[in-house]
Amino acid sequence: MSQKHKIEVALWGGLKPFADGNDKVEVEAATTGQMLAAVIKKHPALEDHIEAGVSVAVNGRVIASSLTEPIPEGAEVVIIPQLKGG
Amino acid sequence: MAFDEAKKDFNLIGTRPARPDGIDKVTGRAQFGADKAAPGQLHAAILRSPHAHARIKSIDTSAAEKAKGVKGIVTRADFATGLKGEMWNKLENVMAGEKALYDGHAIAAVAATSALAAKDALKLIKVDFEVLDHVTNVDESMKDGAPVIREGAAGPSTPEGMHPNVVGFYSSGHGDVDAGFADADLVIEDTFTTEATHQGYIEPHACLAQMGKDGKGEVWCCTQGHFNVAKVCGHLLGTEASQIRVTASEIGGGFGGKTEVFIEPVALALAKKTNRPVKLVMSRSEVFRASGPTASASMDIKIGMKKDGTMTAGRGVFRLQGGAFPGAPGTFTAMCAFAPYALENVSQEAYDVMTNRPKQAAYRAPGSPMAAFAVESVVDELCNQLGLDPIEVRLKNASREGSKASFGINWPRIGLVECLEAAKAHPHYSTAIPENGGRGVSCGFWFNHGGETAVSLALAEDGTVSLSVGTPDIGGSRASMCMMAAEELGIKYDDIRTTIADTATLGYNEISHGSRVTYASGLATIEAARDTIKKLCKRAAAKWGIDEDAVYWEDGFAKPSGPNAGEFEPMSLAKIASKMGATGGPIVGHYEATPEGAGVSFAVHIVDAEVDKETGSTSVGRYTVIQDAGKAIHPSYVEGQFQGGAAQGIGWALNEEYIYGEDGRLQNAGFLDYRIPVASDLPMIDTVIVEVPNPGHPYGVRGVGETSICPPLAAIANAVSNAAGVRMKSLPMSPPRILKALDEA
């Protein structure tokens, strides 16, 4: 597994109140799962939202649910609502 | 998973072989949900609430239990207790608890020796209701004083101070929207509404269930996701999913509506109680009243534009009702609304609102079509007032690789610009608009999905292949799977047989939803075939006495990789398979993963429509669908998906709606009063397949099943508005609504 590195994680606007008013969170992680755990550790009020289900976009690629996807250094990372379809 | 370069040279992919299930379908040999029978089976019927909102004070089943032929009755007391969250909501919808929450909500169910005896027995069940005030309109449901559907249902995102019926909230955006509006030459702001519609699948929900005293159950049903049926039934019956084996029947349409579970737990509960197999088939009326229609929507849109067509800002507020439970797809509505546009300033908010209606279900790209209707109507009006070409304006503002999406990501490689260019170049767009007619254009967007997937591919001694997938075939996927397996293995399409395996045969497979099957099961099929090829090469290497790395696979044959490997006659798949028992045993390839590379998809629709201003009726004269498929595996099926989405969109735009009376009861629970388009309502729907490969699939596939329903509401509304000379802001644009709009203009 690759080394953890600094990641700037963007949140959707509705999550700001649960991240002390921030729309971005800086954490150290190497995978999507590590990143989400680190975000919760930094802002525990986000736990309910993240546990209810979120997806993560890494460099524009939407990762619906996997916690093991690697996040490259310098990647654009955005937490978005969990996706499904009809 | 990313594939650096999509495969480009194909033998079979992109051709149009006959569908493998075609003969079964046209001869009646295909078995649908209601076709399955078991010795000694009982027939079930469900008692449903006649009230939109009522407290259930008591249920007396004593008289019904004594009726001739009745073998068992279940109520909520026969299901699991202690459930929470999503599974509690599912149980509450499958069988009412303390309150009936909508007209048609299940109250009790009877199993009897005939369907007639079961229905007759329903009349003997006495329910003491305390009728409560109800609300079925999304805007009314958010107001102070509206009847409360259920206290405490709001999710963690819901802002404080909202009415208890508001159970979810989403907001996102970037830039300075007010500054963007100030920078515009023209700003248009308006409110739009859409009504709930039904997917209108031909086959009502049907199942056969049995459950022995050993606690092991079996279900045969029409569903988009039989693994999910097992999971939900396990929870609702208080057992494990692994104890319930579910087999998916053929399916007579789903479109998202069969991603939900309605009757299978009821049939299982009755089977458990009676120790007999139980068959349960919904009537069409029950399908309308108690399955899952779409959400309805109320939406405020504001967009600013410069005289040259540059969009300076967009704002949307979306209120969606999803019936008596959380889950309306407002979040997706908001995320899709401005997705086609690279806006520097954008904001969107969405509210998930409960009403006394059946729980909404997905209907192809849930939430997206109504968003496109609202946003694309305003874009069209801006173009009209500024005298600009609607496709040029869309091209000028189009999302493209690297631009920032309205919901925060930077787009990867996407095909919107290619779709718009194809639309501009299409003969339809340069043809004169018919006299008294109008032309409408719209973009549409959907995300698409991957999801848990497992596939197994087994060789037979005769050299044919049995491919087992776990995603019900709702749109021709067996043909696509056969093609992809045959392409990889280098054998004939007809030598592959694809079966939808039951839940005890494969690892968990997510529902056939999110336009994921050709993408995810297709990717898994390709990888399973590649796994098989490795094993075939190994057998050939052993036979030749060379290293397996010195063998490669080409066009259905194992071959030595070069002169150094030795000179051997290429060995066919059939030859290796014929001796596999003696050379190491059965050869089976498999693949299990959660593919996370589903590429998003955009579409552009062009519509010509004429409006009779005396009667208010609309006729759609010409229709063209242009959509990015990434790579079309079987173009006929892709075109079929394009046309199907457009046809359903025509119904949604022009006629279809759930109509509730003052009493909160559904007034049009049948196809006589709920009018879906028939053949004479539809024009020839032309299609253009755009192929911008998805790097997340080895062949470049993007899902196509859902995006096709995103643009039609807007494209048709723009055509009708331009033909009528008045902006249509509410769907459906049925004759009374058009006449009213003309009167008020």
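Quick one: net charge of B:Arg315's neighbours, Cβ under 11 Å, K/R +1, D/E -1? So the environment of B:Arg315 carries a net charge of -3. Only Lys, Arg, Asp and Glu carry charge here, each on its Cβ (+1 for the first two, -1 for the last two); on that basis the stretch B:450-593 has a dipole of about 200 debye about its Cα centre. The order of the peptides B:289-295, B:52-58, B:720-726, B:338-344 by mean Cβ neighbours within 10 Å, most packed first, is B:289-295, B:338-344, B:720-726, B:52-58.
Within 10 Å of the Cβ of each residue in B:440-451, the mean number of Cβ atoms contributed by other protein chains is 3.
Between amide H atoms placed 1.01 Å from N, distances below 5 Å from B:Thr499 occur with B:Leu467, B:Ser468, B:Val469, all of them 5 or more places distant or on a separate chain. Shown in residue order for the stretch B:455-471 are the 3J(HN,Hα) couplings computed by the Karplus curve 6.51 cos²θ - 1.76 cosθ + 1.60 at θ = phi - 60°: 9, 10, 9, 10, 8, 9, 4, 7, x, 8, 10, 10, 9, 10, 10, x, 10 Hz (x for Gly and Pro). Taking 7 Å steps out from each Cα toward its Cβ at B:Ser242 and B:Asp549 produces label points 3.9 nm apart. Express in whole angstrom the spacing between the alpha-carbon centres of the stretch A:17-86 and the stretch B:420-453. The two parts, judged by their Cα centres, are 34 Å apart.
Amide hydrogen proximity for B:Arg675: with H placed 1.01 Å from N in the peptide plane, the residues at 5 or more positions away or on another chain lying under 5 Å are B:Glu657. Listed cross-link partners B:Lys68/B:Lys258; A:Lys41/B:Lys99; B:Lys7/B:Lys492; B:Lys36/B:Lys90; B:Lys492/B:Lys535; B:Lys66/B:Lys359 are compared with a 30 Å cut-off, the Cα-Cα value being larger for B:Lys68/B:Lys258; A:Lys41/B:Lys99; B:Lys66/B:Lys359.
For a test of the definition: using alpha carbon positions, the gyration tensor, and the 1.5 limit on a/c, classify chain B as rounded, prolate or oblate. Oblate shape, in that a/c is at least 1.5 and b/c is the bigger or equal ratio. Simple point charges give the picture: +1 on the Cβ of Lys and Arg, -1 on the Cβ of Asp and Glu, and for the stretch B:32-180 a dipole about the Cα centre of about 1100 debye.
Checking every one of the GluC sites (Glu not before Pro) in the stretch B:65-107 against DSSP loop status and a limit of 11 other Cβ atoms within 10 Å picks out B:Glu98.
Measuring r between the beta carbons of B:Asn410 and A:Asn22 and using R0 = 30 Å, the FRET efficiency lands at 0.90. The mean sequence separation of alpha-carbon pairs under 8 Å and at least six residues apart, normalised by the residue count of the stretch B:466-557, gives a relative contact order of 35 percent. Cysteines of chain B lacking any other cysteine Cβ under 4.7 Å from their own Cβ: B:Cys222, B:Cys233, B:Cys336, B:Cys383, B:Cys419, B:Cys443, B:Cys482, B:Cys537, B:Cys710. Between the stretch B:579-627 and the stretch B:327-345, how far is it from one alpha carbon centroid to the other, in angstrom? After rounding, the separation between the Cα centres reads 21 Å.
The relative contact order of the stretch B:1-141 comes to 35 percent, based on Cα pairs under 8 Å that sit 6 or more residues apart.
In chain B, helices alone account for a calculated mean residue ellipticity at 222 nm of -8000 deg cm²/dmol, with every DSSP H run of four or more residues adding -39,500 (n - 2.57). Put the Cα centre of the stretch B:25-87 next to the Cα centre of the stretch B:496-526 and the gap is 30 Å. By the rule of a C-alpha distance below 19 Å, with chain neighbours fewer than 8 residues away ignored, the aspartates and glutamates paired with B:Lys559 are B:Glu487, B:Glu488, B:Asp531, B:Asp547, B:Glu548, B:Asp549, B:Glu567, B:Glu569.
Rounded to the nearest 0.05, the FRET efficiency derived from the C-beta distance between B:Asp300 and B:Ile659 at R0 = 30 Å is 0.80. When DSSP beta bridges are restricted to pairs lying wholly in the protein assembly as shown, around 80% turn out antiparallel.
Among rounded, prolate and oblate, which fits the stretch B:34-92 when a ≥ b ≥ c are the square roots of the eigenvalues of its C-alpha gyration tensor, a/c under 1.5 means rounded, and a/b larger than b/c means prolate? Oblate is the answer for the stretch B:34-92, as a/c is 1.5 or above yet b/c matches or exceeds a/b.
Each of B:Gly173, A:Pro44, B:Met311 was placed along the dipole of the protein assembly as shown (beta-carbon charges, centred on the mean Cα), and the one lying farthest toward the positive end is A:Pro44. For the charge dipole of the protein assembly as shown, defined by +1 on Lys and Arg C-beta atoms and -1 on Asp and Glu C-beta atoms about the Cα centroid, which residue among B:Gly664, B:Gly700, B:Ser406 has the Cα displaced farthest towards the positive pole? Towards the positive end, the residue furthest out is B:Gly664. Between B:Asp21 and A:Glu51, the distance separating the two model label sites (each 7 Å from Cα on the Cα→Cβ line) works out to 4.0 nm.
The charge dipole of the stretch A:5-81, taken about its Cα centre with unit charges on the Cβ of Lys, Arg, Asp and Glu (plus for the first two, minus for the last two), comes to roughly 40 debye. With contacts taken as Cα pairs under 8 Å at a separation of at least 6 residues, chain B carries a relative contact order of 16 percent. Of the beta bridges in chain B, as assigned by DSSP with both residues counted there, near 75 percent are antiparallel. Sorting the segments B:628-640, B:129-141, B:551-563 by their residues' average number of neighbouring beta-carbon atoms within 10 angstrom, most packed first, yields B:628-640, B:129-141, B:551-563. Each principal axis of the Cα cloud of the stretch A:5-81 was evaluated for its coordinate range; sorted largest first, these ranges are 28, 22, 19 Å. Rounded to the nearest 0.05, the FRET efficiency derived from the C-beta distance between B:Arg284 and B:Arg530 at R0 = 41 Å is 0.35. Rounded to the nearest Hz, the phi-derived 3J(HN,Hα) couplings of the stretch B:63-71 under the Karplus curve 6.51 cos²θ - 1.76 cosθ + 1.60 (θ = phi - 60°) are 5, 5, 4, 8, 5, 4, x, 6, 10, where x marks glycine and proline. Label positions at B:Asp673 and B:Glu189, each projected 7 Å from the Cα along the C-beta direction, are separated by 3.9 nm.
Quote the Stokes-Einstein diffusion coefficient, in whole µm² s⁻¹, for the protein assembly as shown, based on the Kirkwood radius over alpha carbon pairs, a temperature of 37 °C and a viscosity of 0.692 mPa s. My calculation gives 118 µm²/s for D. A cut-off of 5 Å between modelled amide H atoms, ignoring neighbours fewer than 5 places along the same chain, links B:Trp446 with B:Ser601.
Residue by residue, the stretch B:322-338 carries 3J(HN,Hα) couplings of x, x, 8, 9, x, x, 4, x, x, 4, 5, 4, 5, 5, 7, 3, 9 Hz when phi is fed to the Karplus relation 6.51 cos²θ - 1.76 cosθ + 1.60 (θ = phi - 60°); x denotes Gly or Pro. Sorted on the mean count of surrounding Cβ atoms within 10 Å across their residues, most packed first, peptides B:678-685, B:244-251, B:118-125 read B:244-251, B:118-125, B:678-685.
Can you return the lysines within cross-link range of B:Lys729? Criterion is Cα-Cα under 19 Å, with same-chain partners fewer than 8 residues away left out. The reachable lysines, counting only those whose Cα sits under 19 Å from B:Lys729, are B:Lys302, B:Lys613, B:Lys740. Other protein chain C-beta atoms within 10 Å of residue C-beta, averaged over A:71-84: 4.
All of the numbers you see were taken from the coordinates with simple rules; none came from a lab. Keep in mind that what you see is a predicted model, and the values were worked out from it rather than measured. Don't worry about glycine lacking a Cβ; one is built from the backbone with ideal geometry, like all the others, and counts go over all protein chains shown.
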